[in-house]
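**Q** Encoded as structure tokens, here's the structure I'll be asking about.
The values are calculated or read from the model by the stated rules, or taken from the named source; none is laboratory data. Quick caveat, the model's predicted, so the values are computed rather than measured. Reconstructed Cβ throughout: ideal geometry from the backbone, glycine too, with neighbour counts over all protein chains shown.
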Amino acid sequence: MSRGRRHMSERWSGLRRVRWLLIALLGLMSTGCAMLAPSPPQNQSNICEIFREQPSWYDYARESEEKWGTPIATQMAFIERESSFRSHVRPPRKRILWIFPGPRPSSAHGYAQAQDPVWGEYKADAGSLFARRTHMKYATDFIGWYNARSHRQAGISLNNPEHLYLAYHEGQGGYRRGSYQSKPRVLRAAREVRNQASRYRSQLASCEAEFRCRHFYQFWPFCRA
């Protein structure tokens with residue numbers, strides 16, 4: 001082999017090693033992020049216990065409520081329904097010939113199960129450049145942003161979790177067309193969200209004081225339990 005060909009061969013071999021090293025590093029980073037994500041709360045039926053396990057989630061949901069208007073209980077009922085508080089969940093893949101994994105039915109991802117197109121709209125309109133669907137801060141903010149849009153475009157009250165969820169599932173256009181009316185599973189899910197939001201609201205009333213003023217910098221009159 002000539003010196004030139006040997007040099008080219010060694011160069012391509014080196015590039016391949018670099019490529020595989022980068023792939024391995026990206027894989028490790030992805031695994032590390034998944035390992036750092038909080039585990040789902042043990043008692044998802046009680047919002048007080050959820051926030052006791054993850055008090056920062058209360059801060060995120062309250063910040064979203066103050067910014068967009070959707071009550072904390074409604075935000076958390078949406079997330080419980082969509083992902084059961086699992087940060088990296090995606091829709092299961094369809095099976096090809098009942099054996100081989102096929103494509104996923106949608107691009108939904110993260111706590112709020114936001115799909116790629118609407119997540120892109122959120123980031124362009126209100127979200128941070130670094131917003132992640134796997135972080136509760138951005139999941140609650142996304143839900144608040146989306147429901148505020150449903151309120152503007154479809155006239156849904158921010159205190160009506162059932163119909164907010166119908167618009168969340170069907171899109172504001174689908175909601176206005178009444179597409180959910182022929183979908184019993186969607187109607188049932190919306191009722192369950194309504195009931196969960198009601199339970200969460202009653203529970204939160206009994207424990208919210210312990211989360212509102214827990215930081216050393218939160219003091220009266222800027223913080224009222």
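**Q** Do we find that residue 106 is modelled with pLDDT under 95, polar (S, T, N, Q) and assigned by TED's automatic domain parsing to the domain that holds residue 202 in this structure? Walk me through how you get there before you give the answer.
**A** On the way: modelled with pLDDT under 95: yes; polar (S, T, N, Q): yes; assigned by TED's automatic domain parsing to the domain that holds residue 202: yes.
Against the criterion (modelled with pLDDT under 95, polar (S, T, N, Q) and assigned by TED's automatic domain parsing to the domain that holds residue 202), residue 106 qualifies.
**Q** Still on this model: Does residue 158 fit the bill of being modelled with pLDDT of 95 or more and not hydroxyl-bearing (Ser, Thr, Tyr)?
**A** Numbers: modelled with pLDDT of 95 or more: yes; not hydroxyl-bearing (Ser, Thr, Tyr): yes.
Judged against the criteria, residue 158 is a match.
**Q** Here are the criteria: (1) at pLDDT 95 or above; (2) surrounded by fewer than 15 Cβ atoms within 10 Å (Cβ to Cβ); (3) closer than 25 Å to residue 59 by Cα. Tell me which single one residue 182 does not satisfy.
**A** (3)
**Q** Which condition breaks for residue 124 when tested against (1) modelled with pLDDT under 90; (2) over 16 Å from the mean Cα position of the chain (by Cα)?
**A** (1) is the only condition that residue 124 fails.
**Q** Just to be sure, is residue 62 crowded, with 16+ Cβ neighbours inside 10 Å, assigned by TED's automatic domain parsing to the domain that holds residue 137, more than 18 Å from residue 201 (Cα to Cα) and at pLDDT 95 or above? Write out each step before concluding.
**A** Working: crowded, with 16+ Cβ neighbours inside 10 Å: yes; assigned by TED's automatic domain parsing to the domain that holds residue 137: yes; more than 18 Å from residue 201 (Cα to Cα): no; at pLDDT 95 or above: yes.
Considered against the rule, which asks whether it is crowded, with 16+ Cβ neighbours inside 10 Å, assigned by TED's automatic domain parsing to the domain that holds residue 137, more than 18 Å from residue 201 (Cα to Cα) and at pLDDT 95 or above, residue 62 comes out as no.
**Q** What are the residue pairs meeting all of these: first residue in segment 44-69, first residue free of Cβ contacts under 8 Å to residues at least 24 places away in the same chain and within 19 Å of residue 83 (Cα to Cα), second residue part of a helix (DSSP H, G or I) and of a type outside the set (Gly, Ala, Ser), Cβ atoms under 6 Å, and 6 or more apart or on different chains?
**A** Short answer, once both residue conditions are applied: none.
**Q** Additional query: Just to be sure I understand, how many residues within segment 149-161 are surrounded by fewer than 17 Cβ atoms within 10 Å (Cβ to Cβ) and part of a helix (DSSP H, G or I)? First the steps, then the outcome.
**A** Within segment 149-161, the subset surrounded by fewer than 17 Cβ atoms within 10 Å (Cβ to Cβ) is 152-153, 155, 157, 159.
Subset that is part of a helix (DSSP H, G or I): 152-153.
Qualifying residue count for the region: 2.
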